Amino acid sequence: MSSKAIIAFLFVCSCYCNRCFSAEMNPKVERLEAVPPTELGEGPHWDAATQSLYFVDIFGKSIHKYVPATNKHTKAVIGVDCVSLIVPVKGEPNKFLVSIGRELAVVTWDGESEKASKIEKLCEVDNDPETKDNRFNDGKCDPAGTLWAGTMGGEPKYGHVKPNKGAFYSFKNNTPAMHFNKVGISNGLAWSADNKKMYYIDTHAGSIDELDYDIVNGKISNRRPLFTLQKHDIPGGADGMTIDQDGNLWIAIFNGYRVIKIDGRKPETLLASIPIPAKQVTSVVFGGQNLEDLYVTTAKFTINDEVLDPPEHGGTYRITGLNVAGLSPSVPAVL
C-alpha cells in the first residue's frame, strides 16, 4: 500500500474499530492470497451446491470461481464487454446467468477452462440512443427465483458516470419489466426473510432504500430511505449489499475502506463498521458451510489519477468471527 493509503486505512480503523464492534463480534479480515487482484471485482455469489464463491471482474471482462476447501481460483475471460453479475442456473450444471454490457446471457462454463464454451443471449435493455453506452451493474434473484438487475450510465472516464441514465428491471421469460428509471448507479439488493421488503441501493442517491415487496406478483412500491451515509459521516458511496439471518444489512462502501452493518428494521441505525485494507470496496456475500463467512470484493482502478496498488487494493477478502449467518442466495427459477 502507498503511504497515503496506509494513513487512510489506519484512520478508518481508529475511528470505527473501537466504537462499533459489539462484545459478540470479533471480526478477522484476511485477503485470499490464492485469488489475484481484480481491476473491478464485483457481483459475488455463494453457491451452496458446490461450496464455491463466484464473482466477476467487470473491467477484466471475466467470471471467477474460488473453492475454499481446495483454496483454488479459476477464471474465464468473456472478453466481449463489461461483465457485472453471475448467478448459477437452477438445475443446469455449468450454466450461469451473466450480464454482458446491456445484455443478459446464459454462459456455459465448466469452472476450470480459461474460456466459456457457449454464450447464449437472452435479452437486451436500455436500447435508446441516449443510453447505448449504459451497462448492467448489480443484480440478484429474489426468493421466488426472479432476476432483478439494474443499469448505470456510460463511464467516459473511470469513476465519472453519466447521471440519471440507468434503470431498474425484473426479468421473466427473458422479458425485462422496468420498475423505475433515472438511476445513477444501480447497486446492492437484498430481501427480508419474511419476503415483505426489498432493499435497494442507487449509489448516487447516497442512501440505502427499502421498498414494499409483493413476492406473488413481483411488484415493488413505496420506496423510502432506510439509512443515509451523510447523516453518519460515512465517506464514499454505498455499493453491494447482503442480509443476515437477524435482518441486518451489510454494505460495501466504495471509496470508504470499509463494510458497514446497519439495522434493517430501524431507520438510520449503524451497528458496526469493519475496516478493509482496500479503498474501493465493492460488494459482499455470506458464504461457507454455515453461511457465517462474509466474502468481500474490491477494486483497484484509477480514478482522478489516484493509483491504488495491489495486492490489497483489488483483493478478495474473507471476514470471520462475525457471530452471524447470512441467508442462502436465490437462483433463477425460470429464464
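The values are calculated or read from the model by the stated rules, or taken from the named source; none is laboratory data. Everything numeric here is computed off the predicted structure, so don't read it as measured data. FYI the Cβ positions are ideal-geometry reconstructions off the backbone, even for glycines, and counts take in every protein chain you see.
Data overview
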quantity: Filtered residue count, region 109-159, keeping only those that are closer than 23 Å to Tyr54 by Cα and touching a residue at least 24 places away in the same chain (Cβ under 8 Å); calculated: 28
quantity: Restricting region 246-282 to residues that are in a strand (DSSP E or B) and of a type in the set (Ser, Thr, Tyr), the residue that is nearest to Arg318 (Cα to Cα); calculated: Thr282
quantity: Scan of region 155-200 for residues that are buried (at least 16 other Cβ atoms within 10 Å of the Cβ) and in a loop (DSSP other than H, G, I, E, B), ordered by number; calculated: Glu155, Val161, Lys162, Lys165, Gly184, Ser192
quantity: Residue among Asp263, Asp246, Asp233, Asp239 that is closer than 19 Å to Asp138 by Cβ and acidic (Asp, Glu); calculated: Asp239
quantity: Number of positions in region 91-112 that are more than 13 Å from Asp81 (Cβ to Cβ), touching a Ser or Thr at 6+ places or on another chain (Cβ under 8 Å) and outside any strand (DSSP E or B); calculated: 5
quantity: Any hit, region 313-332, residues being in contact with a helix residue (DSSP H, G or I) (Cβ under 9 Å, 6 or more places away or on another chain), part of a strand (DSSP E or B) and in contact (Cβ under 8 Å) with a residue 12 or more places away in the chain; calculated: no
quantity: Residue in region 22-35 that is closer than 23 Å to Glu120 by Cα, modelled with pLDDT of 95 or more, among the basic types (Lys, Arg) and over 19 Å from the mean Cα position of the chain (by Cα) present; calculated: no
quantity: Filter result (among the polar types (S, T, N, Q), assigned to a loop (DSSP other than H, G, I, E, B) and over 16 Å from Ala252 (Cβ atoms)) within region 25-82; calculated: Asn26, Thr50, Gln51, Thr70, Asn71
quantity: Hey, Val77 within 21 Å of Cys141 (Cβ to Cβ) and not charged (D, E, K, R) or not; calculated: no
quantity: Any hit, region 229-239, residues being under 17 Å from Arg265 (Cβ atoms), out of contact with any His (no Cβ under 6 Å at 6 or more places or on another chain), assigned to a strand (DSSP E or B) and modelled with pLDDT of 95 or more; calculated: no
quantity: Pick from region 263-287, criterion out of contact with any Ser or Thr (no Cβ under 6 Å at 6 or more places or on another chain) and among the hydroxyl-bearing types (Ser, Thr, Tyr), ranking: farthest from Ala190 (Cα to Cα); calculated: Ser273
quantity: Selection status of Ser283, small (Gly, Ala, Ser), under 26 Å from Lys65 (Cα atoms) and in contact (Cβ under 8 Å) with a residue 60 or more places away in the chain; calculated: yes
quantity: Output for region 283-312, where each listed residue is part of a strand (DSSP E or B) and of a type in the set (Phe, Trp, Tyr); calculated: Phe286, Tyr295
quantity: Residue list for region 66-87, restricted to those being surrounded by fewer than 22 Cβ atoms within 10 Å (Cβ to Cβ) and farther than 24 Å from Tyr158 by Cα; calculated: Val67, Pro68, Ala69, Thr70, Asn71, Lys72, His73, Thr74
